[in-house]
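What follows is calculated from the coordinates using simple rules that are stated; it is not laboratory data. Being a predicted model, the structure only gives us computed values, none of them experimental. For neighbour counting, all protein chains shown are included, and Cβ atoms are generated from backbone atoms with ideal geometry for every residue, glycine included.
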């Protein structure tokens, strides 16, 4: 019997150096550990556990990646104070990859700076660390206590996940649909259908999907409770990685006779535009079901949708149009690199002319630092989550949709099928 | 605070449904101190919870408890929750709660055997959770030895510290 991608990754990293099967509990060797602004919380856990002066070491100064991300620039003095402590610790521990004075989202910067590579096992103390599956890596979020263990020893316990084969069929239209695909899956199969399992994407759509779309899908693996969400390695992956790192790596592919828990087939040609309604990711319906609902705010950004193609489709549709009166349309690129790419392509000018608030790269539009909602307000957003109260008031309503659906709503002032607003589609 | 897996836990039940998220358990970006968090934990699902929860109470919930971010449920331990018993838990919340350590058990069918405010008894050594009033029970699966060890050490940070000291002594 052959192995899934997940079984291969965990076999490769098994401390016992034995091939593994889904279900086994193992100790695994870690290739990379991503920590962000909460690094001092992990430091504090170490102190509580008896390491009086904090971490006595990190296991490998070249494999720990510290990105201040969420909290740069500092949003209050207490964040600024924390950032000073992080800076001191990074220096004391000799951490080589420290991205400090730079706004942006770790999950964009990790692949963009070539810090993660195909076939690796990479962990991070953030749930969306699962994102790097897009470049054929085994990556997943871990807890602060887990990270304490990883930083000391470069090892961690895992249960080898069962795998679900997600077969994506159909044709890529002239706009991104990754968000619609993952929302559709959550709606059809539930927001925990992949609980503790690995998603393996395959099918005729996959070679057509951009790296940006793959990253959206992998990032959102955690919204359907997955441990890994991995794409196969292909020419696009190879080119993407080659442009960012020359360190060697070994891609991973499933065996033809690998055993899957189940197989799910989606034909995107038959898939409508969908949204998640308040207040859960799996509360999904076609846009038509909620069309006409007036909105106060629209957003594009976060580790799921702050990439070039998300912002490009918004700018393309807004060219010569205006955001509806009274609607706040906030867009945040996911990193400085993405921001620059958008600037050079002329997108930012179009957005500002149309009335969009372009805000600093980072997590702020999603884990709210900007754009809080008041009682009774309605927001449609291409970001990660729509939990009750996530953007302030417990009496606000958050809808999730793809960047095209969000842009259409921003122009119309209400939720609407994008094809009704944009004749060119 | 360590937790002895061999101690029987008995407490009043707070019931929750499916997909209770960590934003609700730990809304840290709205409330910045533990004292504030204690006044708001889980209010988006049950506004009375932070006001009325008592030390020793037990949370019983449906599928996917603790979904969302990787934030821990430390605040639940701080308000005195003695154990969490769920149909299923998000893997990050499960890892977090084991690492704290705090008792968390995945017991299929738990929602069917106990109602809000009833008394539940959790007997891990006997692998059973029982409604004290009705006698109805469900099985509690055993943890693998790797996880039992984390509980024995008083949490993953403590286990890490002991391993570090042991390796240093050998060198």
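To the nearest ten degrees, helix A:39-48 and the longest principal axis of the Cα atoms of chain A are 40 degrees apart. Cβ-to-Cβ counts within 10 Å put B:13, A:241 in ascending order as B:13, A:241, the fewest first. Secondary structure note: in the protein assembly as shown, about 30% of the DSSP beta bridges are antiparallel. Sorting A:179, A:88 from the fewest to the most surrounding beta carbons within 10 angstrom yields A:88, A:179. Beta-bridge orientation, the stretch A:276-419: approximately 15 percent antiparallel, per DSSP, counting only bridges with both partners inside.
Mean per-residue shielding of peptide B:61-72 is 6, counting Cβ atoms of other chains within 10 Å of each Cβ.
Start at zero, step by 5 Å, and the Cα-Cα distances of chain B spread as 2, 9, 17, 21, 21, 15, 8, 4, 2, 1, 0, 0 percent across the bins. Highest mean packing comes first when the peptides B:56-62, B:67-73 are listed by Cβ atoms within 10 Å, giving B:67-73, B:56-62. Find the relative contact order for the stretch B:9-170 and round it to a whole percent, using C-alpha pairs within less than 8 Å whose residues are 6+ positions apart. That works out to 22 percent.
Over the residues of the protein assembly as shown, the helix contribution to mean residue ellipticity at 222 nm works out to -8500 deg cm²/dmol, using -39500 (n - 2.57) for each DSSP H run of at least 4. With a 10 Å cut-off around each Cβ of A:138-150, the average count of Cβ atoms from other chains is 6. Using the average count of surrounding beta-carbon atoms within 10 Å as a protection proxy, the listed peptides A:132-138, B:112-118 rank, highest first, as A:132-138, B:112-118. With the contact rule set at Cα under 8 Å and sequence spacing of 6 or more, what percent relative contact order holds for the stretch A:235-376? Relative contact order for the stretch A:235-376 comes out at 19 percent.
Counting pairs of alpha carbon atoms under 8 Å apart in space and at least six apart in sequence, what relative contact order in percent does the stretch A:49-188 give? List each step's numbers first, then the result.
Values: 143 pairs, mean separation 29.0, N = 140.
In percent, rounded to a whole number, it is 21.
Counting neighbouring beta carbons within 10 Å and listing from fewest to most, the residues A:15, B:37 come out as A:15, B:37. When chain A is treated as a Gaussian network with alpha carbon springs shorter than 10 Å, the biggest mean-square fluctuation among A:174, A:104, A:27 belongs to A:174. Residue by residue along A:122-132, Cβ atoms of other protein chains within 10 Å of the local Cβ number 2 on average. For the stretch B:130-163, the residues whose backbone nitrogen is under 15 Å from a point 7 Å from the Cα of residue A:196, taken along Cα to Cβ, are B:139-148.
Between the beta carbons of residue A:269 and residue A:325, assuming R0 = 30 Å, the FRET efficiency works out to 0.25 to the nearest 0.05. With just the Cα atoms defining each centre, how far is the stretch A:124-173 from the stretch A:370-425? Give it in Å. Taking the Cα centre of the stretch A:370-425 as reference, the centre of the stretch A:124-173 is 28 Å away. Looking at the stretch A:5-266, what % of its DSSP beta bridges pair antiparallel, to the nearest 5? Within the stretch A:5-266, antiparallel bridges account for around 20 percent of the total.
Measure nothing fancy, just the Cα-based angle from helix A:178-189's long axis to the longest principal axis of chain A, in degrees from 0 to 90, nearest 10. It is inclined by approximately 80 degrees.
Shape index of the stretch A:5-266: Rg/Rh, with Rg the Cα radius of gyration and Rh the Kirkwood radius from the inverse mean 1/r over Cα pairs, equals 0.97.
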